[in-house]
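The values are calculated or read from the model by the stated rules, or taken from the named source; none is laboratory data. Everything numeric in this text was worked out from a predicted model, so none of it was measured. Virtual Cβ from ideal backbone geometry, glycine too; neighbours counted across all protein chains shown.
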Amino acid sequence: MNEFRFFFFKVKPPLSLWQTTGLLCWILVKLILVAAMISQSAGEFIYAGF
């Protein structure tokens with residue numbers, strides 16, 4: 001039973017530098033879009049083409 005408990009927690013190799021950079025950039029873009037949505041009204045945000 002102890003083996004089954006840890007079955008879902010597989011050890012993954014660490015991300016490379018490019019994968020880490022890409023992931024952080026993607027998160028930053030998403031946060032910028034959310035900030036733009038919050039600061040403007042929804043209609044203006046959709047009209048801007050996002």
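Within segment 35-50, the set of residues being assigned to a helix (DSSP H, G or I) and at pLDDT below 60 comprises ALA42, GLY43, PHE45, ILE46, TYR47.
Let's see how each residue does on (1) modelled with pLDDT under 75; (2) outside any helix (DSSP H, G or I); (3) out of contact with any helix residue (DSSP H, G or I) (no Cβ under 8 Å at 6 or more places or on another chain):
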residue: VAL11; (1), (2), (3): yes, yes, yes
residue: LEU15; (1), (2), (3): no, yes, no
residue: THR20; (1), (2), (3): no, no, yes
residue: ILE27; (1), (2), (3): no, no, yes
residue: LEU33; (1), (2), (3): no, no, yes
